[in-house]
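Have a look at this one before I ask anything.
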Amino acid sequence: FNPALTDLTSLPPDFLSGRPTLHAFLDRLRDKRMIPEQRDYKSWRQQLSELEDAAQNGTYEDIWSLATGQTYRISGHPHPDGALAFLMEDISAEISLTRRFRMQLETGQSVIDSLDEAIAVFSPSGVLTLSNAQYARLWAVDPSETIIEYDIIAATKLWSASCAPTPIWGDAREFVSAVAGRAEWVADVRLLDGRNLSCRFAPISGGSTLVGFSQSKAMASPVATQPPATKALTFDKASG
């Protein structure tokens, strides 16, 4: 054993120096509440035997969530001369960070799911990174459940198939892949069921693009506002 083991488990060095058996070692950990509590002692002892057998095959790995709030990663590996080496790592900070990150993701997802606007976010490479429940309801597809990668090309094909002909989907693909000169723009389209849909395309941080869809009361021209960086008008001198 190394000094880090005494720091991690609070087991006294004289106990460890006495070369305890694996069962005695784990029994002492259990007494100090440094091992997950089992429903009954008999089944726990049986698991100890299985743990030792698994470690001999180099297959044992487990996460111990302790009553103290700490989390340990335990792994067992064969050691020379038939011995077993157990590695104990305190991953409490890592688990805490992961849980906070997961909570932030879940909170963010809940927030956008509560919006009336159907939202999809695409990365600079055109891959969908985020969408909300309204998007799944509007287009009858949940990108999070698709097996293949869902990108702006697949998305615009879906949108196009559900709408009257309009040139804005090509503009949308160009806008998502553009790296400069981007400004928010909007356009109106008509769904095949007759509903009017307002489409919003906005650049966001990191070069990503937010696409929002909301039902509009009035149908304007097929393209209400085009991407400003890609559209221009030219007049000759004679006609002004």
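The values are calculated or read from the model by the stated rules, or taken from the named source; none is laboratory data. Because the structure is a prediction, the values reported are computed rather than measured. Positions of Cβ are backbone-derived with ideal geometry, glycine not excepted, and every protein chain shown enters the neighbour counts. When the accessible area is computed, the model is the full protein with side chains, heavy atoms only, and any ligands, DNA or RNA have been set aside. Shrake-Rupley method; radii C 1.70, N 1.55, O 1.52, S 1.80 Å.
When residues of the range 105-129 are filtered for being without any contact (Cβ under 8 Å) to a residue 60 or more places away in the chain, out of contact with any helix residue (DSSP H, G or I) (no Cβ under 7 Å at 6 or more places or on another chain) and either aliphatic (A, V, I, L, M) or open to solvent by less than 70 Å² (accessible area, probe 1.4 Å) (or both), how many remain? Before you say what the answer is, go through the steps one by one.
Pass one, the range 105-129, residues without any contact (Cβ under 8 Å) to a residue 60 or more places away in the chain: 105-115, 125-128.
Restricting the remaining residues to those that are out of contact with any helix residue (DSSP H, G or I) (no Cβ under 7 Å at 6 or more places or on another chain) gives 105-112, 114, 125, 127.
After this cut, where a residue has to be either aliphatic (A, V, I, L, M) or open to solvent by less than 70 Å² (accessible area, probe 1.4 Å) (or both) as well, the list is 105, 108-109, 111-112, 127.
The total comes to 6.
Could you say which residue among V176, V211 is at pLDDT 90 or above, open to solvent by less than 10 Å² (accessible area, probe 1.4 Å) and closer than 21 Å to Q109 by Cα? Spell out how you get there, then give the answer.
Details: V176 fails: closer than 21 Å to Q109 by Cα.
On inspection, the qualifying residue turns out to be V211.
When you check S216 against the structure, is it modelled with pLDDT under 90, touching a strand residue (DSSP E or B) at 6+ places or on another chain (Cβ under 6 Å) and more than 16 Å from T156 (Cβ to Cβ), yes or no? Outline the logic, then answer.
Details: modelled with pLDDT under 90: yes; touching a strand residue (DSSP E or B) at 6+ places or on another chain (Cβ under 6 Å): yes; more than 16 Å from T156 (Cβ to Cβ): yes.
Against the criterion (modelled with pLDDT under 90, touching a strand residue (DSSP E or B) at 6+ places or on another chain (Cβ under 6 Å) and more than 16 Å from T156 (Cβ to Cβ)), S216 qualifies.
Take the range 10-26 and flag every residue that is closer than 22 Å to H77 by Cβ and open to solvent by less than 70 Å² (accessible area, probe 1.4 Å).
Looking only at the range 10-26, we keep the residues that are closer than 22 Å to H77 by Cβ, and these are 11, 16, 19-26.
Within the range 10-26, L11, L16, P20, L22, H23, A24, F25, L26 qualify.
Across the range 130-155, what is the number of residues that are of a type in the set (S, T, Y), part of a helix (DSSP H, G or I) and buried (at least 19 other Cβ atoms within 10 Å of the Cβ)?
Of all residues in the range 130-155, those of a type in the set (S, T, Y) come to 131, 135, 144, 146, 150.
From what's left, part of a helix (DSSP H, G or I): 135, 144.
Subsequent filtering for residues that are buried (at least 19 other Cβ atoms within 10 Å of the Cβ) retains 135.
Residues flagged as of a type in the set (S, T, Y), part of a helix (DSSP H, G or I) and buried (at least 19 other Cβ atoms within 10 Å of the Cβ) within the range 130-155 amount to 1.
For the range 156-173, name all the residues that are of a type in the set (A, V, I, L, M) and either crowded, with 17+ Cβ neighbours inside 10 Å or part of a helix (DSSP H, G or I) (or both).
Residues of the range 156-173 that are of a type in the set (A, V, I, L, M), as a first pass: 158, 161, 164, 168, 172.
Hits for the range 156-173 are L158, A161, I168, A172.
Let me ask something else. Which numbered condition in (1) open to solvent by 60 Å² or more (accessible area, probe 1.4 Å); (2) touching a helix residue (DSSP H, G or I) at 6+ places or on another chain (Cβ under 7 Å) is the only one that L192 fails?
All conditions are met except number (2).
For D40, work out the one condition from (1) surrounded by fewer than 16 Cβ atoms within 10 Å (Cβ to Cβ); (2) on the phi < 0 side of the Ramachandran plot; (3) within 34 Å of the chain's Cα centre (by Cα) it doesn't fulfil.
So the condition that D40 fails would be (3).
Kindly check whether there is at least one residue in the range 182-189 that is within 20 Å of S208 (Cα to Cα), assigned to a loop (DSSP other than H, G, I, E, B), open to solvent by 50 Å² or more (accessible area, probe 1.4 Å) and modelled with pLDDT under 90.
no
While we're looking at this one, here's another question. Suppose we filter D7, D31, D62 for residues that are open to solvent by 50 Å² or more (accessible area, probe 1.4 Å), farther than 17 Å from F86 by Cβ and at pLDDT 80 or above; which single one remains? Before the answer, list the steps.
Details: D7 fails: farther than 17 Å from F86 by Cβ; D62 fails: farther than 17 Å from F86 by Cβ.
Being open to solvent by 50 Å² or more (accessible area, probe 1.4 Å), farther than 17 Å from F86 by Cβ and at pLDDT 80 or above holds for just one of D7, D31, D62, which is D31.
Restricting the search to the range 67-101, which residues are of a type in the set (K, R) and open to solvent by less than 60 Å² (accessible area, probe 1.4 Å)? Please lay out each step first, then the result.
If we filter the range 67-101 for residues that are of a type in the set (K, R), which is where we start, we get 73, 99-100.
R73, the sole residue that qualifies.
Pull out all pairs, ordered by first then second residue, where Cβ-Cβ is under 6 Å, the residues are six or more apart or on different chains, the first lies in the range 66-79 and is under 9 Å from D90 (Cα atoms), and the second is β-branched (V, I, T) and open to solvent by 60 Å² or more (accessible area, probe 1.4 Å).
Cβ pairs passing all conditions: R73/I63.
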